[in-house]
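Let me begin by presenting the structure, written as structure tokens, before commenting on it.
The values are calculated or read from the model by the stated rules, or taken from the named source; none is laboratory data. Source: prediction; values computed, not measured. Cβ coordinates were reconstructed from backbone atoms using ideal geometry, including for glycine residues, and neighbour counts include every protein chain displayed.
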Amino acid sequence: MATIKNIIFDLGGVLLNLDIHKTEKAFIDLGFTDFHSMYNQHAANELFAALETGSVSADEFFYTLTNVAGKPFTEQELTNAWNAMLLDFRLKSLQYLPALKENYSLYLLSNTNAIHYSAFNKILKEETGHSTLDDFFTKAYFSHHIGLRKPNAAIFEYVLKDAQITAEETLFIDDTPVNINAAKNLGMHSHLLLPGEFIEQIPFQSLLV
């Protein structure tokens with residue numbers, strides 16, 4: 001088995017605490033009775049997938065949502081509902097990354113969007129003083145910046161090529177099984193982070209060989 005030299009981390013549910021049910025409830029309260037079928041941890045409909053690949057702007061996203069609901073909302077109402085899932089960063093996990101950097105090249109790969117990107121950077125600044133997650137990684141990759149999203153194999157291939165790393169020497173950590181399976185199919189090592197588990201609890205040393 002090849003030595004693991006690189007670790008790619010997911011963001012939400014791994015380094016940033018999320019509660020998607022808060023966003024679902026917020027949208028239901030606005031009148032979106034079937035929000036779960038539109039967006040959840042395991043799937044996103046065409047509109048939300050387009051937002052996460054940067055194919056539609058925030059303005060287009062809000063406009064389409066308003067049309068779906070059939071009644072007007074302010075941009076702030078929709079922003080607040082969409083951002084309701086974003087909680088706080090796992091500070092101990094972030095503080096653990098520099099120690100990992102001594103042995104591995106670290107990368108971030110997140111399905112996200114311009115609205116959440118702005119919001120979680122604000123949370124990060126308030127909680128850590130860092131303005132961007134780039135400070136913690138060799139490079140951070142965000143779906144809306146590169147036009148691809150997990151679990152599409154193309155996004156993993158993009159990262160491997162751009163970072164000039166190999167799948168066999170890379171460990172991928174995510175909290176969503178379908179993303180883990182996609183990485184495995186490309187020959188990457190993987191670790192499914194379970195609810196209540198934190199990256200600082202992973203026995204990385206046992207994964208060196």
Margin query: The conditions are (1) outside the structural domain of Ile146 (by TED's automatic domain parsing); (2) in contact with a strand residue (DSSP E or B) (Cβ under 8 Å, 6 or more places away or on another chain), and His116 fails exactly one of them. Which is it?
Written below: (1)
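Taking helices (runs of 4 or more DSSP H) that do not extend beyond the stretch 26-91, which have at least 2 residues that are touching a Ser or Thr at 6+ places or on another chain (Cβ under 7 Å)? Reasoning before the result, please.
On the way: elements: 35-38, 46-52, 58-69, 75-83.
Those helices (runs of 4 or more DSSP H) span 46-52, 75-83.
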Next item on the list: Determine which single condition Val68 fails, assuming it passes every other condition in (1) in the same structural domain as Glu127 (by TED's automatic domain parsing); (2) without any contact (Cβ under 8 Å) to a residue 60 or more places away in the chain.
Entry: (1)
Check: Which one of these is over 25 Å from Lys139 (Cβ atoms) and hydrophobic (A, V, I, L, M, F, W, C): Ala84, Ala119, Ala114?
Finding: Ala84
Check: Does Glu24 fit the bill of being farther than 24 Å from Glu197 by Cβ and of a type in the set (D, E, K, R)?
Finding: no
Next item on the list: Given the conditions (1) farther than 24 Å from Phe156 by Cα; (2) modelled with pLDDT of 95 or more; (3) acidic (Asp, Glu), report the number of the one that Glu75 does not fulfil.
Entry: (2)
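Among the strands (runs of 3 or more DSSP E) contained in the stretch 120-209, which hold 2 or more residues that are of a type in the set (Val, Ile, Thr)? If you could, list the steps in order and put the result at the bottom.
Values: elements: 139-142, 170-174, 189-192.
Where strands (runs of 3 or more DSSP E) fall fully within the stretch 120-209 and carry at least 2 residues being of a type in the set (Val, Ile, Thr), they are 170-174.
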Next item on the list: Check Ile8, Ile4 and return the single one that is in contact (Cβ under 8 Å) with a residue 60 or more places away in the chain, under 25 Å from Ala163 (Cα atoms), over 18 Å from the mean Cα position of the chain (by Cα) and buried (at least 16 other Cβ atoms within 10 Å of the Cβ).
Entry: Ile4
Check: Which numbered condition trips up Ala99, out of (1) of a type in the set (A, V, I, L, M, F, W, C); (2) over 26 Å from Phe35 (Cα atoms); (3) surrounded by 13 or more Cβ atoms within 10 Å (Cβ to Cβ)?
Finding: (3)
Notebook entry, point to check: So which residues in the stretch 158-179 are surrounded by 14 or more Cβ atoms within 10 Å (Cβ to Cβ), closer than 21 Å to Thr3 by Cβ and free of Cβ contacts under 8 Å to residues at least 24 places away in the same chain, if there are any at all?
Noted result: Ala167
Next item on the list: Could you please tell me which pairs satisfy a Cβ distance under 9 Å, a separation of 6+ or placement on different chains, a first residue in the stretch 131-143 that is in the same structural domain as Leu106 (by TED's automatic domain parsing) and closer than 10 Å to Phe9 by Cβ, and a second residue that is loosely packed, with under 13 Cβ neighbours inside 10 Å and not polar (S, T, N, Q)?
Entry: Phe136/Pro98; Ala140/Asp134
Item checked: Lone unmet requirement of (1) touching a His at 6+ places or on another chain (Cβ under 7 Å); (2) farther than 30 Å from His191 by Cα for Asp34 -> (1)
Check: With respect to the numbered conditions (1) over 18 Å from His144 (Cβ atoms); (2) more than 14 Å from the chain's Cα centre (by Cα), which one is the sole condition not fulfilled by Ala50?
Finding: (1)
